[in-house]
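A quick write-up on the structure given underneath.
The values are calculated or read from the model by the stated rules, or taken from the named source; none is laboratory data. This structure is a prediction, so every number in the text was calculated from the model and none was measured. Backbone-built Cβ (ideal geometry, glycine too); neighbour counts: all protein chains shown. Each accessible area value is taken on the protein alone, full model and side chains, heavy atoms only, with ligands, DNA and RNA left out. Shrake-Rupley method; radii C 1.70, N 1.55, O 1.52, S 1.80 Å.
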Amino acid sequence: MGLFTSINIAATGMSVERLRSDVISDNIANASTTRTQDGGAFKRSRVIVAEKSGGFTFRTPFLPANLDKGVGTGVRVSEIQKDRTEGKFVYDPTHPDAITSGKMEGYVEMSNVNVVTEMVDLIAASRAYEANSSVIQGAKSMFESALNIAK
């Protein structure tokens, strides 16, 4: 296990949480968008996170080999997924995006973004970013202490 492994792992977490914050901000900004370039109402996006594969693994002597997965190498964004669930329908026949025929005539499909859910996710992303930042600060402090021992 290298000297900067903990910093590298925390940095991958910070990178993912920053992207999550950007995606959440985009969702909030488009919460009332009823028309997109693809057609239809805006659909919320969400970040899918996966373990970063490859790299060095260290086996701890305290766990049986079948339970020990080794030290991780961090996280990565595997994809940004669109939530395809329908948004709520609001009756507004004067709206330019209102449905013009059929049983839903006069209704407008709104975005499926729930601002409260997005704000909770944004707080969670912010806290996770802060936690990873604290890991980096702790590692930096340990390195400084180790260097001061030699003095």
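Some observations on this one:
- Semi-axes of the equivalent ellipsoid for the range 68-151, Cα gyration tensor, largest first, Å: 53, 15, 8
- 1.4 Å probe accessible area per residue over the chain, in Å²: 68
- Excluding same-chain neighbours fewer than eight residues apart, the lysines reachable from Lys43 by a Cα-Cα span under 21 Å are Lys82, Lys88.
- When restricted to Cα atoms, the chain yields an Rg and a Dmax of 22.9, 82 Å, respectively.
- Under 5 Å between amide hydrogens, built in the peptide plane, is the criterion, and for Lys52 it picks out Thr73, Gly74, Val75, Arg76 among residues at least 5 positions away or on other chains.
- Kirkwood hydrodynamic radius of the range 15-57, Cα pairs, Å: 12.5
- In this simple spin-label model, placing a label point 7 Å from the Cα along the Cα-to-Cβ direction at both Val120 and Thr36 gives a separation of 2.3 nm.
- Fluctuation leader among Val113, Val90, Val135 - the chain, Gaussian network, Cα springs under 10 angstrom: Val90
- Helical mean residue ellipticity (222 nm; -39500 (n - 2.57) per DSSP H run of 4+; nearest 500) of the chain: -14500 deg cm²/dmol
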